[in-house]
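Visitor: Please see the structure below; I have some questions.
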Amino acid sequence: MGLGLTTYDCTETQFVENLRKLLEVRPHIIANRLLVNHDDGRYGLAYLPDPIFEKYGRLAKRDGSRSPVRAAIPFIEDRTGRLYESGATVCIGRGGRPGGVSAPYTRVEYSFTIWGDTYRYVFDALFEPEIRLEKRVPRFHAPKYRAKEVPLVHVLRFRPPDEESMKLDLPSAVLTFDVRRRLSPLP
């Protein structure tokens with residue numbers, strides 16, 4: 001039989017303000033932080049806001065948000081090893097089937113429990129794209145290349161978000177505890 005503990009979802013402002021109010025009553029509060037990596041296609045290139053999509057501008061083009069994304073130049077996506085030829089569809093927007101290139105992210109959850117109630121704030125931190133020019137053979141095209149004929153191609157890699165983008169500005173009396181830091185490697 002469950003205790004029926006309540007969980008409240010908060011905005012960042014509400015989360016920090018609730019902590020400040022509790023500090024007036026208690027000397028120390030412990031906030032738990034949970035980090036989990038995801039790559040479920042939630043942030044497909046077709047759905048990214050324009051300022052974030054600009055980071056992919058060397059490799060891909062689109063007409064607008066939620067419109068199909070096409071490769072501007074040939075490139076290899078590092079996680080899958082797939083080669084996208086110039087003009088190939090990279091991600092489909094407007095209710096298209098899931099798939100294609102998407103930005104992995106880390107789900108960050110801050111929470112604290114007081115008097116049987118849990119307050120939490122959840123946000124996503126996107127991995128940063130890294131575009132490099134490398135001598136590389138696409139995974140499924142290896143038999144047709146000899147060792148001396150390895151082509152120079154753009155490669156899209158993703159770097160985990162920096163630690164600063166996953167931190168909240170909390171009062172100094174709050175101790176942040178990484179309960180289960182589950183940073184699983186992406187496929």
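Coordinate-derived values only; no laboratory data. Everything numeric in this text was worked out from a predicted model, so none of it was measured. Cβ: placed from backbone, ideal geometry, glycine included. Neighbour counts: every protein chain shown.
Visitor: Net charge around residue 110, counting only other residues with Cβ within less than 10 Å of its Cβ (Lys, Arg = +1; Asp, Glu = -1)?
Guide: Local charge sum for residue 110: +1.
Visitor: Summing Lys, Arg as +1 and Asp, Glu as -1, what charge do residues with Cβ under 9 Å from the Cβ of residue 155 carry, residue 155 excluded?
Guide: -1
Visitor: Then there is this: Set the Förster radius R0 to 41 Å, insert the Cβ-Cβ distance between residue 70 and residue 115 as r into 1/(1 + (r/R0)^6), and round the FRET efficiency to 0.05.
Guide: In this case the efficiency is close to 0.15.
Visitor: Determine which aspartates and glutamates satisfy two conditions relative to residue 21: a Cα distance under 12 Å, and not lying fewer than 8 residues away in the same chain.
Guide: List returned: none.
Visitor: Relative contact order (percent) for the range 55-127, with alpha-carbon contacts under 8 angstrom and 6 or more residues of separation?
Guide: Rounded, it is 20 percent for the range 55-127.
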